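The values are calculated or read from the model by the stated rules, or taken from the named source; none is laboratory data. In this text the structure is predicted, and so the values were computed from the model without any measurement. Glycine gets a Cβ as well: all are built from the backbone with ideal geometry, and neighbour counts include every protein chain shown.
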Amino acid sequence: MDGVVQMRTKSVCWMFRTLFACAAWLAFGEMQTGFAQEAVPTAAADSATPAVQTATPESQVPSSDSVSVPAGAATPATANADQKPEVVTKPVVIPYQEQVYRVSISVGVDSEAGLTNRDIQRMVDQLTGLVESRIGKWWNCEVTRAASGEPLNRAMLEQRTAASWNTAMEPTAFDKKFVLTVDRVGTEYRVSGVEWDRASQSTTSVQNRRTFDRRLLAALGAEVVFDVFRPLVSIDTVTDGKVEMRVKGGEYLPPDVSLTPFRVGDHVNAFLRHLGKKRELKRLQAIPWTTIRVDLAERSYLRGTVISAFKSPLAVSRRRMEMLGLKIQIMHPSTRLRVIPRGKPQAPMAGYRVELLNRPETKEDKVEDRVTLRTDRRGEVVIPADTEKPLRYLIVYSGAAPLAKAPLIPGYVEQAVLDAPDDAPRLNVEAETELLQSELIDIVARREVMMARARAASLNDDWELVSEMQKKIAELLTL
């Protein structure tokens with residue numbers, strides 16, 4: 001019994017010794033790990049210290065194919081190993097011929113037109129579908145009802161000026177603004193509309209369509225929009241009277257072939273945009289009595305000829321200047337031309353002869369087919385429009401002398417003013433010359449009469465009369 005107890009006691013003691021040894025071994029291992037972790041930064045710091053203190057003088061001289069790196073400095077590959085390089089993105093520049101128009105169409109309905117809100121909304125929806133189906137991707141169009149303060153009838157539409165539209169549309173991002181109004185004239189519905197253009201900051205004249213059927217209002221509205229629409233072009237090069245142009249958004253041809261922006265024989269009205277350092281508009285410069293005839297139209301590319309009253313109206317494009325153009329649309333049945341002397345608008349040139357030619361006159365080509373008009377007492381003359389031959393060449397005459405020559409497209413504008421050279425000095429000289437001529441004729445006639453009387457008196461031996469006639473002849477003016 002005692003032997004068994006002793007054996008158990010020894011077993012328990014052996015167990016405790018084994019456990020104690022394991023615990024001591026684990027504790028010693030943790031201490032070694034801690035010492036190793038503390039030793040790592042020290043070793044790294046020692047390795048970063050330059051070896052100048054123990055190196056020999058020969059070892060301090062670098063070799064020809066080695067690069068000296070300062071202590072503690074990291075190489076670019078080490079510093080940027082975990083950093084992604086920053087990618088600088090440049091703004092995407094869309095070519096002019098691929099820029100779509102940002103268009104807004106507002107529809108205003110007069111309160112006396114007799115249309116309900118449901119009718120108006122139906123017309124807006126139908127107009128949206130018609131415009132999108134005919135114009136395609138060329139426009140990014142938005143059709144809405146007229147906002148507060150916008151015109152609701154033709155009278156309000158005619159009162160709005162281009163300056164007021166510029167102020168109203170400046171905060172927006174639209175390139176074109178079409179304003180339609182619907183009112184009634186008796187039993188007819190009248191749809192009127194204008195176009196505002198941001199690039200030229202100009203508006204068209206008011207155009208209208210009429211119908212008795214309210215179901216046709218949306219279709220008439222679409223026709224008015226496309227009638228007043230003026231496509232834009234960018235004039236790229238000018239060489240010896242020939243120009244090359246690009247049509248804005250011209251690569252997106254509309255599904256409706258009748259809405260093709262330009263055809264051969266169309267005309268463009270050019271203007272200049274002077275810009276500031278931040279590409280903001282400083283001022284607009286119109287180019288009067290100048291048009292560009294389209295000679296070649298291939299999708300968005302145009303080539304044309306400059307026709308102007310001036311020698312070089314289109315200058316070479318500069319850094320802060322844009323040379324653009326708008327398509328000329330005939331919107332009036334005629335143009336009233338007023339001829340005034342240069343610098344004297346209050347003195348109209350009345351009674352002057354104005355001749356209209358279909359082509360410019362040269363020394364080799366004397367144009368015989370011409371229309372002759374004469375200015376009235378206000379110095380005005382009415383020139384009718386012709387859609388088949390829109391371009392006319394004007395020649396203003398004073399007597400037989402031509403005073404001014406200029407190209408004109410009648411019907412593009414309702415009124416135009418032509419500044420001709422002042423012909424007053426020439427007329428004064430001509431009047432003085434005629435007066436002197438009449439005085440000379442009178443003197444010669446009187447001299448001949450007196451000499452005839454003197455000869456007759458000498459034949460009758462009336463020497464007193466002869467002496468008297470000789471005195472009177474001597475008193476006459478001589479050269």
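Which one is surrounded by the fewest Cβ atoms within 10 Å (Cβ to Cβ), of the residues in the stretch 352-400 that are within 19 Å of residue 413 (Cβ to Cβ) and of a type in the set (Lys, Arg)?
The selected residue is 389.
I'm trying to understand the selection: among the residues of the stretch 295-313, which are assigned to a strand (DSSP E or B) and within 14 Å of residue 236 (Cα to Cα)? Break it down into steps so the answer makes sense when it comes.
Step one: list which residues in the stretch 295-313 are assigned to a strand (DSSP E or B), which gives 295-298, 301-308.
Residues satisfying the conditions are 301, 302, 303, 304, 305, 306.
For residue 405, work out the one condition from (1) more than 30 Å from residue 287 (Cβ to Cβ); (2) surrounded by 11 or more Cβ atoms within 10 Å (Cβ to Cβ) it doesn't fulfil.
Failed condition: (1).
Please specify each residue of the stretch 337-379 satisfying the condition of being assigned to a strand (DSSP E or B), within 16 Å of residue 422 (Cα to Cα) and not aliphatic (A, V, I, L, M).
338, 341, 353
Name the residue, out of 172, 167, that is farther than 22 Å from residue 99 by Cβ and not assigned by TED's automatic domain parsing to the domain that holds residue 282.
On the way: 172 fails: farther than 22 Å from residue 99 by Cβ.
Exactly one of 172, 167 is farther than 22 Å from residue 99 by Cβ and not assigned by TED's automatic domain parsing to the domain that holds residue 282, namely 167.
Check residue 397 against each of (1) more than 23 Å from residue 205 (Cβ to Cβ); (2) at pLDDT 90 or above; (3) in a loop (DSSP other than H, G, I, E, B) and name the one condition it does not meet.
Of (1) more than 23 Å from residue 205 (Cβ to Cβ); (2) at pLDDT 90 or above; (3) in a loop (DSSP other than H, G, I, E, B), only one is false for residue 397: (3).
Only one of 136, 149 is at pLDDT 90 or above and on the phi > 0 side of the Ramachandran plot; which? First the steps, then the outcome.
On the way: 149 fails: at pLDDT 90 or above.
Of the residues listed, the single one that is at pLDDT 90 or above and on the phi > 0 side of the Ramachandran plot is 136.
In the stretch 272-296, which residue that is closer than 23 Å to residue 98 by Cβ and either in the same structural domain as residue 170 (by TED's automatic domain parsing) or at pLDDT 95 or above (or both) is surrounded by the most Cβ atoms within 10 Å (Cβ to Cβ)? Write out each step before concluding.
Taking the stretch 272-296 first, the residues closer than 23 Å to residue 98 by Cβ are 273, 275, 279, 281, 292, 294, 296.
From the residues that got through so far, the ones that are either in the same structural domain as residue 170 (by TED's automatic domain parsing) or at pLDDT 95 or above (or both) too are 292, 294, 296.
Working: 292: 29, 294: 20, 296: 11.
This residue is 292.
Here are some residues: 465, 440, 477, 436. Which one is farther than 30 Å from residue 207 by Cβ, in contact with a helix residue (DSSP H, G or I) (Cβ under 6 Å, 6 or more places away or on another chain) and surrounded by fewer than 13 Cβ atoms within 10 Å (Cβ to Cβ)? Break it down into steps so the answer makes sense when it comes.
On the way: 465 fails: surrounded by fewer than 13 Cβ atoms within 10 Å (Cβ to Cβ); 440 fails: in contact with a helix residue (DSSP H, G or I) (Cβ under 6 Å, 6 or more places away or on another chain); 436 fails: in contact with a helix residue (DSSP H, G or I) (Cβ under 6 Å, 6 or more places away or on another chain).
Residue meeting the stated conditions: 477.
Tell me, yes or no, whether the stretch 76-97 has at least one residue that is of a type in the set (S, T, N, Q), part of a loop (DSSP other than H, G, I, E, B), out of contact with any helix residue (DSSP H, G or I) (no Cβ under 7 Å at 6 or more places or on another chain) and at pLDDT 90 or above. Let's see the steps before the verdict.
Residues of the stretch 76-97 that are of a type in the set (S, T, N, Q), as a first pass: 78, 80, 83, 89, 97.
Of the ones still in play, those that are also part of a loop (DSSP other than H, G, I, E, B) are 80, 83, 89.
Checking which are out of contact with any helix residue (DSSP H, G or I) (no Cβ under 7 Å at 6 or more places or on another chain) leaves us with 80, 83, 89.
If we keep only those that are at pLDDT 90 or above as well, we get none.
For the stretch 76-97, residues of a type in the set (S, T, N, Q), part of a loop (DSSP other than H, G, I, E, B), out of contact with any helix residue (DSSP H, G or I) (no Cβ under 7 Å at 6 or more places or on another chain) and at pLDDT 90 or above: absent.
Kindly evaluate residue 326 against the criterion of being touching a Ser or Thr at 6+ places or on another chain (Cβ under 8 Å) and not hydroxyl-bearing (Ser, Thr, Tyr).
Details: touching a Ser or Thr at 6+ places or on another chain (Cβ under 8 Å): yes; not hydroxyl-bearing (Ser, Thr, Tyr): yes.
Here the answer is yes, as residue 326 does meet what is asked.
So which of 183, 236 ends up being part of a strand (DSSP E or B) and in the same structural domain as residue 130 (by TED's automatic domain parsing)? It would help to see each step written out before you state the result.
Details: 236 fails: in the same structural domain as residue 130 (by TED's automatic domain parsing).
Answer to the selection: 183.
Of all residues in the stretch 405-434, how many are in a helix (DSSP H, G or I) and either in contact (Cβ under 8 Å) with a residue 40 or more places away in the chain or small (Gly, Ala, Ser) (or both)?
As a first pass, look at the stretch 405-434 and keep what is in a helix (DSSP H, G or I): 424-434.
Retained after the next criterion (residues that are either in contact (Cβ under 8 Å) with a residue 40 or more places away in the chain or small (Gly, Ala, Ser) (or both)): 424, 431.
So the answer is 2.
Among the residues of the stretch 213-225, are any under 21 Å from the mean Cα position of the chain (by Cα), within 17 Å of residue 136 (Cα to Cα) and not assigned by TED's automatic domain parsing to the domain that holds residue 302?
Pass one, the stretch 213-225, residues under 21 Å from the mean Cα position of the chain (by Cα): 225.
Then keep just the ones that are within 17 Å of residue 136 (Cα to Cα); that gives 225.
From the residues that got through so far, the ones that are not assigned by TED's automatic domain parsing to the domain that holds residue 302 too are 225.
Yes, that holds for at least one residue.
Just to be sure I understand, how many residues within the stretch 110-130 are buried (at least 16 other Cβ atoms within 10 Å of the Cβ), under 18 Å from residue 185 (Cα atoms) and either touching a Phe, Trp or Tyr at 6+ places or on another chain (Cβ under 9 Å) or hydroxyl-bearing (Ser, Thr, Tyr) (or both)?
The qualifying residues number 2.
Look at residue 129 and say whether it is at pLDDT 95 or above, out of contact with any His (no Cβ under 9 Å at 6 or more places or on another chain), among the small types (Gly, Ala, Ser) and not in a strand (DSSP E or B).
When the stated conditions are applied, residue 129 passes them.
Do we find a residue being touching a helix residue (DSSP H, G or I) at 6+ places or on another chain (Cβ under 8 Å), outside any helix (DSSP H, G or I) and touching a residue at least 24 places away in the same chain (Cβ under 8 Å) anywhere in the stretch 167-178?
Start the filter on the stretch 167-178 by keeping residues that are touching a helix residue (DSSP H, G or I) at 6+ places or on another chain (Cβ under 8 Å), which leaves 177-178.
Going one step further and asking which of them are outside any helix (DSSP H, G or I), we end up with 177-178.
Checking the rest, the ones that are also touching a residue at least 24 places away in the same chain (Cβ under 8 Å) come to 177-178.
Among the residues of the stretch 167-178, at least one is touching a helix residue (DSSP H, G or I) at 6+ places or on another chain (Cβ under 8 Å), outside any helix (DSSP H, G or I) and touching a residue at least 24 places away in the same chain (Cβ under 8 Å), which makes the answer yes.
I need the full set of residues from the stretch 168-204 which are crowded, with 18+ Cβ neighbours inside 10 Å, within 19 Å of residue 154 (Cα to Cα) and of a type in the set (A, V, I, L, M, F, W, C), in order please.
Scanning the stretch 168-204 gives 178, 179, 180, 182, 191, 194, 196.
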